[in-house]
Amino acid sequence: MSPESRERSSPAQELMAAASGAAEDPNADPNGSRSGEAVAVEHAAEVEALRKELAVAEENARSQRELYLRAAAEVDNVRKRAQRDIEQAHRYALEGFAAELLAVRDSLELAVRSAAAGTPADAATLLAGQEATLKLLDRAFGKFSIRQIDPSGQRFDPNQHEAMLMQEAADAVPNTVLQVVQPGYELNGRLLRPARVIVARAAEGGRAGRQA
């Protein structure tokens, strides 16, 4: 037998080789291609995997939406509570101060009733009652940081004082406060009412005895 005849396979050998390949891959057809059943099974597995991934994604989306809705509801509740607190603060901002003034009113009312009833009272008794009432009012003012402005002898300050009159004063420094007609008041450093004052000015024909 020649070398060429030895290298060429016989038909029987080719059939045996094909049978051996079919035994190794039962899903392969004799022509070497995969069967339709195997492809369908593989596609079904891929579809099932995609369905599971879709279900997981939908569950995550639902969870995120629930978290968002809860957070939005909480923010809305906080906003409503803050709005209520602001409204309450505006409505009852003077509650404490008003409570302090009740004692002052009670004292004044008692004095008026005593006078209306004809209860005899000397000047000393009346003065003591008025001083007690004034102390109650001063205590209420102090509690709420209301400070009196009494600029006697100080330099005139247009930011805190209101000049009612300019008056010559030879013994006073020009542009200083000679007399406080009505004291001013401030609340925590903010002016409530300027002090109404009489301001010194230099005497005509000469300068005041002291310089500014």
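If you check Leu192 against the conditions, is it assigned to a strand (DSSP E or B) and within 21 Å of Glu100 (Cα to Cα)? Considered against the rule, which asks whether it is assigned to a strand (DSSP E or B) and within 21 Å of Glu100 (Cα to Cα), Leu192 comes out as yes. Among residues belonging to segment 173-186 that are in a strand (DSSP E or B) and out of contact with any Lys or Arg (no Cβ under 8 Å at 6 or more places or on another chain), point out the one that is farthest from Asp150 (Cα to Cα). Checked segment 173-186; the qualifying residue farthest from Asp150 (Cα to Cα) is Leu178. Scanning segment 143-168 for residues that are under 41 Å from the mean Cα position of the chain (by Cα) and not hydrophobic (A, V, I, L, M, F, W, C) yields Lys143, Ser145, Arg147, Gln148, Asp150, Pro151, Asp157, Pro158, Asn159, Gln160, His161, Glu162. The set of residues in segment 156-175 being surrounded by 12 or more Cβ atoms within 10 Å (Cβ to Cβ), within 18 Å of Glu204 (Cβ to Cβ) and of a type outside the set (A, V, I, L, M, F, W, C) consists of Gln167, Glu168, Pro174, Asn175.
Each reported figure results from applying straightforward, stated rules to the coordinates on display, with no laboratory input. These numbers come from a predicted model, not from an experiment. Positions of Cβ are backbone-derived with ideal geometry, glycine not excepted, and every protein chain shown enters the neighbour counts.
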